[in-house]
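Derivation of every value follows stated rules applied to the coordinates shown; laboratory data play no part. Please read all numbers here as calculations on a predicted model, not as lab measurements. Glycine also receives a Cβ, built like all others from the backbone with ideal geometry; neighbour counts cover every protein chain displayed.
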Amino acid sequence: MLSGNQIELAALVDADRPALLDWINQPALVRFSAPYRPVHERSHGDWFDAITRDPSRVIFAIRSKPEGELLGTVQLTDVHPIYRQAQMLIRIGDPQHHGRGIGTEALRLLLDFAWRDLNLHRVWAQVFGRNRRALACYRKAGFAEEGRLRDGVFIDGKWDDLILMGILNPADAAPASSPVPS
């Protein structure tokens, strides 16, 4: 378990299944990160079972402190041991928990885990241009915009930019070079 001020990152448990299924079936929540499609209980159960067996993925439940209420999930997918990089995904479920700094704290805990425990060099994310809350959260956690696919996604009947953001492990920064004496 990774502990912060407001939250902790912990393993998902079977009791989390209903909340996760509910969140993935709320169009307003899903459209922040993907086109909406209904997800059926059986498909969701298959996904839930598969994530624990996938060595290229690490997923954490975001839980409130000290109650342990499930607030969301944060994960690293496509963890690549040779390139030392992974994609980050985050979802805060109930909108009443948005705007409270939970996402930023979860990202900071996840990045510490990525650098320290997985020895990653780079973590990246995709975000829709209209998702201002996510853009602000990622920037606060240290991500920088690395690229933009103009009209890269069609969500909720409108085109939107797909923004690529990334952050590098600060411990991997090249040391400042000293001038070579002539």
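Between a first residue in the stretch 130-150 that is over 14 Å from Phe32 (Cα atoms) and a second residue that is part of a helix (DSSP H, G or I) and not aliphatic (A, V, I, L, M), which pairs have beta carbons less than 7 Å apart while being 6 or more apart in sequence or on different chains?
Close Cβ pairs satisfying both conditions: Lys140/Thr104; Ala141/Thr104; Ala141/Arg108.
Examine the stretch 137-146 for a residue that is in a helix (DSSP H, G or I) and touching a strand residue (DSSP E or B) at 6+ places or on another chain (Cβ under 6 Å), and state whether such a residue exists.
Yes.
Search the stretch 23-46 for residues that are touching a residue at least 40 places away in the same chain (Cβ under 8 Å) and under 23 Å from Ala125 (Cα atoms) and pair each with any residue that is among the small types (Gly, Ala, Ser) and crowded, with 16+ Cβ neighbours inside 10 Å when their beta-carbon atoms are under 6 Å apart and the residues are at least 6 apart or on different chains.
Sorted first by the residue in the stretch 23-46, then by its partner, the pairs are Trp23/Gly93.
Considering only residues of the stretch 21-63 that are in contact with a helix residue (DSSP H, G or I) (Cβ under 8 Å, 6 or more places away or on another chain) and in a strand (DSSP E or B), which is nearest to Asn5 (Cα to Cα)?
Ile62
Starting from residues that are within 15 Å of Ile59 (Cα to Cα) and without any contact (Cβ under 8 Å) to a residue 24 or more places away in the chain, keep the ones in the stretch 76-88 and report whichever is surrounded by the most Cβ atoms within 10 Å (Cβ to Cβ).
Within the stretch 76-88, the match that is surrounded by the most Cβ atoms within 10 Å (Cβ to Cβ) is Thr77.
Asp112 fails exactly one of the following numbered conditions: (1) surrounded by 13 or more Cβ atoms within 10 Å (Cβ to Cβ); (2) closer than 30 Å to Leu21 by Cβ; (3) free of Cβ contacts under 8 Å to residues at least 24 places away in the same chain. What is the number of that condition?
(3)
Which condition from (1) farther than 21 Å from Arg100 by Cα; (2) in contact with a helix residue (DSSP H, G or I) (Cβ under 7 Å, 6 or more places away or on another chain); (3) aliphatic (A, V, I, L, M); (4) not in a helix (DSSP H, G or I) is the one that Leu9 breaks?
(1)
Looking at Arg63, Arg37, Arg91, Arg57, which is the one that is crowded, with 17+ Cβ neighbours inside 10 Å, among the charged types (D, E, K, R) and closer than 30 Å to Gly157 by Cβ?
When all the criteria are applied, what remains is Arg91.
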